[in-house]
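Note sheet for the following structure.
The values are calculated or read from the model by the stated rules, or taken from the named source; none is laboratory data. It should be emphasised that the depicted structure is a prediction, and the values quoted were computed from it without experimental measurement. As a convention, Cβ positions derive from the backbone with ideal geometry for all residues, glycine included, and neighbour counts pool all protein chains shown. Side chains included, ligands, DNA and RNA excluded: accessible areas come from the protein's heavy atoms. Shrake-Rupley method; radii C 1.70, N 1.55, O 1.52, S 1.80 Å.
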Amino acid sequence: MYITYTAMFIYSSFSLFQSLTGISTDPCIPGDASLMALSIIGLYSLLNNHLNVSINCIYFIVFPVYFYFISESYAVMPIHLTIQFTLWSTIAGLMALLFFSNKRQKISLFFALAVATLVLHIVESDRLNLINSIYWDPIDYTLNPLLVLTTVFLICFITAYFFEQNMKELKDKMGESEEQINQTLRQLQQGFMMLKMNRDEMGSIVNLEVLKVNQAFETLFKINAREVRNVDVSIIFPKIFRDSFDWANFFLFPKKKKTELHIEHLNKWVELTTFSPAKDHIACLFHDVTAKQNAIASLKESRKRYKVLLEAIPDLFFIIDKDGIYVDFVVKDSELIQINPDDIIGNSIFEVGFSEKMSRKIFQFIQDAIRFDSIETIEYALEVEKGTAMFEMRIAKLDDNSVITIARDITKRKMAEIRLEEAKIKAEEADLLKSAFLANISHEIRTPMNAIIGFSRMIGSPDFDSEEKDRFIEIIVSNGRLLMEMIDDMISISKIESNQVVVRKDFCKINDIMIDLYREYSIEVRNKPIKLKLNNENANPKFGVVTDRHLLSEILKKLIDNAIKFTYEGEVEFGYEMLGKDRLKFFIRDTGIGINKNHVDRIFERFHQIDNKTTRKHEGTGLGLAIAQHYSVVLGGKIEVESEIDKGSVFSFSIPFESGDGMLTIVR
């Protein structure tokens, strides 16, 4: 109904606005006003839970119908053309009453109003002579509106009749079910109470009222049912329990479904369980657990006998019966673990924090210890306030119905074992890597050193002319540079390992850096079948960003070195481009041998080389990409790789465009 009345309100408001402002060509202000008033009353009634008033508003739909379609002064169309509109409007009212009321009396009353309205429309439109005809228009078979309305009424009336019969049958069945429930409650051994939430017109809960109690409740609390029936909870419960507890709040906002209560004047313990069998109803079960609580009190007394003997021992002692229930325990106060007796005593091993699998394993060991009079040992982890603690538990038979368990904290021992194992694994990995590194570095250093020594001797020989000696000098310089790069790499990796890499940010002109690199490497590749290309997105010489110039240059150098090293012929292209407005991306693209996908994730590991043999084709220490990746992360990026075997690779990374300057703008 909310949707119906809301739609009526929106339509009438819009139509009335158009009528008052002169926008509408066929204004009907009385119709719009009556429809708006009807929708407002209906919505207000629904919001205030007056459903009957809202339903009865349907009867007044005849007034907007009259103004819109019947009144010669206000009708939006010639009235002889709007009879069908009146018909369908009244049919809509009948259907609304069928859906929202289902009472034959209301449907019949509205039918009478609808017939009167339709007859008035027929009379006003001078169609009274057709009132006895079945078809008003034989050409398009337009039926007599009174006949249509009567047919719809009969359908609604019959439907409402069958609905009422079904509701009656359901009520009878509900009565039978309620009687069966009452019979069950009378025979129930636990005390039972049914509460009802009373609400005001706004739907807010006013109070809780006792609907009924069973005989067991009367016996348990020594009170007559007549004293509590239809009485407010806040009145009767303080009388039963003789306390000032806020019972209404307890039932309306329960923190847990089960709780135990002590009735001091009756010297009884009661376990209260609550659940909601229906809307606005709360069922309460009261179970007498006095015997259980007395047993627990007795166990608490016996606990003192063991505590005096065992408190000096740092281990944790527990007594557990054959069913897995904690009977007693002694725990020396410690910072690692704090145990509340109420959380342990009387609870099962399945309820104190062990996993299901561990609980079953402990339970089986308890059975084995009792059956075979053996000592069982198990290790387990337990979540404590400061993290996870490791314990070793020994289970020994105490008597035929219980065991004693001694739990010792072995966290430090286990942590030491774990650290020792981790250190062993790391040492083995480091040993393998460093062995490969030493083998490689030995080969890499020996090659340029041999070249430097050999060609240095040849320079001093009179058997070579000056041109050949110049070429020997170039070889010596080249190998010296290679040796220097190896030493620089080892120094860089040592700084990284000791966390001594310092970032010194300043404004850097990116194009200057890229041009310097292009000039440097153009000389290196001039005698190779490799074409070097520079691709700068921004041609502005002032284009730059705040970053560490040295680290940025080192990253680019190592990536360009790598590209040239693994490209036998083709081209190596490097440059940069903007990623949005916040990041600057650098890329190095080559047409070299490419990288197998299985090796892409490992090429940035220290000392790692795809070919770790001393006879490999490509020189290097296996540190260059690891250093470049570390510098990239320090500058706020990460090197990414796209590669395909025999087609080449693309290395790229981006850095924040921090305090950037020199961006080109498009002038239109």
Here FRET efficiency (C-beta to C-beta, residue 531 to residue 499, R₀ 41 Å, nearest 0.05) is 0.50
What do you reckon, how do 279, 528, 469 stack up by accessible area (1.4 Å probe), largest on top?
-> 279, 528, 469
Here FRET efficiency (C-beta to C-beta, residue 264 to residue 408, R₀ 51 Å, nearest 0.05) is 0.75
Theoretical gain in end-to-end length, residue 416 to residue 647 [0.36 nm per residue, Cα-Cα removed] = 78.1 nm
Give the calculated FRET efficiency between residue 132 and residue 154 to the nearest 0.05, with a Förster radius of 30 Å applied to their Cβ-Cβ distance.
-> 0.95
May I ask you to compute the full-extension gain from residue 524 to residue 219, defined as 0.36 nm times their residue separation minus their alpha-carbon distance, rounded to one decimal in nm?
-> 99.4 nm
If you average the sequence gap of Cα pairs under 8 Å that are 6 or more apart and divide by the length of the stretch 495-584, what percent do you get for the contact order?
-> 37
Which of 219, 269, 604, positive extreme of dipole for the chain (C-beta unit charges) | 219
So what's the back-of-envelope 222 nm ellipticity for the chain, counting only DSSP H runs of four-plus at -39500 (n - 2.57) apiece and dividing by all residues, rounded to 500?
-> -16500 deg cm²/dmol
All aspartates and glutamates inside 12 Å of residue 386 as judged from Cα atoms, apart from same-chain residues fewer than 8 positions distant = 335
Dimensionless Rg/Rh of the stretch 250-305, both radii on Cα and Rh by Kirkwood, sits at 1.13
Heavy atoms of residue 599: accessible area, 1.4 Å probe, square angstrom to 10 | 60
Percent of all Cα-Cα pairs per 10 Å bin for the stretch 49-185, counting from 0 up to the last occupied bin, reads 11, 34, 27, 14, 7, 5, 2, 0
May I ask for log10 I(q)/I(0) of the stretch 106-215 at q = 0.22, 0.23 Å⁻¹, from a Debye sum over the Cα atoms as equal point scatterers with solvent left out?
-> -1.14, -1.17
Rounded to one decimal in nm, the spacing of the 7 Å Cα→Cβ label points at residue 169 and residue 343 is 5.7
How are the C-alpha pair distances of the stretch 346-410 spread across 5 Å bins, as whole percents from the shortest bin up?
-> 4, 18, 25, 27, 17, 6, 2, 1
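If N is the number of residues in the stretch 1-126, what value comes out of its Cα radius of gyration divided by 2.2 N^0.38 Å?
Computed over Cα atoms of the stretch 1-126, the ratio equals 1.06.
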For the stretch 476-600, what is the Kirkwood estimate of the hydrodynamic radius, computed as the reciprocal of the mean inverse distance between distinct Cα atoms, to one decimal in Å?
-> 16.3
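Inverting the mean 1/r over all pairs of different Cα atoms, compute the Kirkwood radius of the chain and quote it in Å.
Evaluated over the chain, this radius sits at 37.6 Å.
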Mind checking which helices in the chain clear 20 Å along their axis (Cα) and have mean Kyte-Doolittle hydropathy of -1.0 or more, DSSP H runs only?
-> 2-21, 29-47, 83-100, 104-124, 145-187, 290-310, 356-372, 411-459, 466-497, 510-525, 549-565
Solvent-accessible surface ranking, highest first, for 269, 88, 136, 247 at 1.4 angstrom | 88, 269, 136, 247
Greater than 23 Å apart at Cα, pairs in 542/565; 558/585; 239/292 = 542/565; 239/292
Per-residue SASA entry for residue 471, accessible area with 1.4 Å probe, Å² rounded to 10 = 120
Against the globular-protein guess of 2.2 N^0.38 Å, express the Cα radius of gyration of the stretch 194-243 as a ratio, rounded to two decimals.
-> 1.24
From most to least accessible, 1.4 Å probe, no ligand or DNA/RNA atoms counted, 66, 568 line up as 568, 66
Accessible-area value, residue 211, 1.4 Å probe, nucleic acids and ligands omitted, Å² | 50
Once both label points are put 7 Å beyond Cα along the C-beta direction, the residue 211-residue 105 separation in nm becomes 2.7
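Using DSSP to define loop residues, name the GluC sites (Glu not before Pro) in the stretch 208-261 whose beta-carbon has at most 10 other beta-carbon atoms within 10 Å. Mind dumping the intermediate values first?
Numbers: sites: 209, 218, 227, 260; in loops: none.
Those that pass, being in a loop and sparsely packed, number zero.
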Along Cα→Cβ, 7 Å out, is where each label goes; now give me the distance between the ones at residue 449 and residue 198 in nm to one decimal.
-> 10.1
Taking 0.36 nm per residue of separation and subtracting the Cα-Cα distance, what length does fully extending residue 25 through residue 188 add?
-> 51.2 nm
Report relative contact order for the chain in percent, whole number only (criteria: Cα-Cα under 8 Å, sequence separation at least 6).
-> 6
Using Cα positions and a limit of under 29 Å, work out the lysines in reach of residue 171, with same-chain residues fewer than 8 apart set aside.
-> 103, 106, 196, 212, 279
Straight-line reach from residue 173: which aspartates and glutamates have Cα under 15 Å away, leaving out those fewer than 8 places along the same chain?
-> 164
